[in-house]
Each structure stands twice: as C-alpha cells, then as structure tokens.
1. Could you give the nm distance between label points at D94 and A135, where each point is 7 Å from its Cα heading toward the beta carbon?
2. Ignoring ligands, DNA and RNA, how do D39, D65, D33 rank by accessible area with a 1.4 Å probe, largest first?
3. Top to bottom by accessible area (1.4 Å), largest first, where do M86, M146, M35 land?
4. Given the whole protein assembly as supplied and a 1.4 Å probe, what does the accessible area of R152 come to in Å², nearest 10?
5. Quick one: how many Å² of K138 are accessible to a 1.4 Å probe, rounded to 10?
6. Across the range 62-110, what fraction of all alpha-carbon pairs, as a whole percent, falls in each successive 10 Å bin from zero upward?
7. Over its Cα atoms, what ratio of radius of gyration to 2.2 N^0.38 Å does the range 22-61 give?
8. Provide, as a two-decimal number, the C-alpha radius of gyration of the chain over 2.2 N^0.38 Å, N being how many residues it has.
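The values are calculated or read from the model by the stated rules, or taken from the named source; none is laboratory data. Values in this document were obtained by computation on a predicted structure and should not be read as measured data. Note that we place each Cβ from the backbone using ideal geometry, even for glycine, and neighbour counts take in every protein chain shown. Side chains included, ligands, DNA and RNA excluded: accessible areas come from the protein's heavy atoms. Shrake-Rupley method; radii C 1.70, N 1.55, O 1.52, S 1.80 Å.
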Amino acid sequence: MVSWYRAEPLNPSTNWGPKPLTLREKIEGDIHDAMRRRDQARLDTLRYLKSAVLLVEKTRRKSLDDAGLVEIIAKQASDRRESIRMFEQGNRSDLVAKEAADLAILEGYLPAPLTQEDLAQLIHSVIKEVGATSARDKGRVMGRLMPQLRGRAEGAQVNTLVTQILEPGG
C-alpha cells in the first residue's frame, strides 16, 4: 500500500510530522502500486493521465502545480463522460464499461463535486459580486465562477444553471 506521507523532512509550518503528498506524488505512487498489484486497467488509466500531464507541461514549458493537475484530470474525466455517451449511442456496452471504469479511477483524484444547492449558492454570490442583472452578463459571471469550480462541477451544468438564474423569472 502506498503511504500518503513522505518519509523525509518535517513539515516546516508545524515542525512536526511529515509533509502530505502532492497530487503528482500520489499519482506516481499509485502507478507503482498498480504495477505491483498487476492491475492493468488502473495502470493504463494512470499512465495515460501521466502522459497527458507531461504533454501539457512540455507545451507550457513549466511544471504544473496541484491546481493544474486537477484541471487536466477534470478534462480527462470530461472526455471519458463524452466517450460513454457516444458509446451508449452506438450500443457498445463493452467500451462503455471500460470508459466507466476509467472514469471512476480519475474521479478518485478530483475534489468532491459540489451539490446542486452549494453550486446555486456559489452562483448567487458571484452574481451579486459581479453585479449581474441579465443574461448578457453571463460571460462575466462564468469568467469569475469557473476558476473556483475547476474539477468540482462540469461547465455545461454551471452554464445551464447560470442561464436559468439570470433569465427573467429565474
């Protein structure tokens, strides 16, 4: 089993105990754990994720922090959801099952999703903050809102809810 903590230096903020793992270190550790357990499905998914991370880092020419990794994982999860929809339309239950298993693995690395009520509450607070009054202000609301929701809610869901709230009578 992979340890959730490094064995090296003490945490400088408390000067007691080891530092918690970064998301990158957790993924690397889980890749090694999947190799040891011979869990090929998990190993393939995590290697594909690692490959996507390295590709983004190479194009941006900088190392990603945990927020950047969450953004990539959320994109991968979104791609898997879209694949599931397409495979369901094509009656490919074998591929639906594989993509659903991959999605479950990726969701384990994302922050907990927001409930509909929490999402609506956050949208209302951003609308007040921005001073939005109509659907024409949706771009400003979405621009302020999406960085806060990265990996915790799908953009299409947020867009629909913002539109409903900003429309007259919403």
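1. It works out to 4.5 nm between the two label points.
2. I get D65, D39, D33, largest accessible area first.
3. Correct descending sequence by accessible area is M86, M35, M146.
4. Taking all protein chains as shown, R152 has close to 90 Å².
5. Approximately 60 Å² of K138 is accessible to the 1.4 Å probe.
6. Here the calculated profile for the range 62-110 is 28, 44, 21, 7, 0.
7. In units of the 2.2 N^0.38 Å rule of thumb, it is 1.22.
8. On the way: Rg = 19.4 Å, N = 170, 2.2 N^0.38 = 15.5 Å.
Normalised Rg, Cα atoms only: 1.26.
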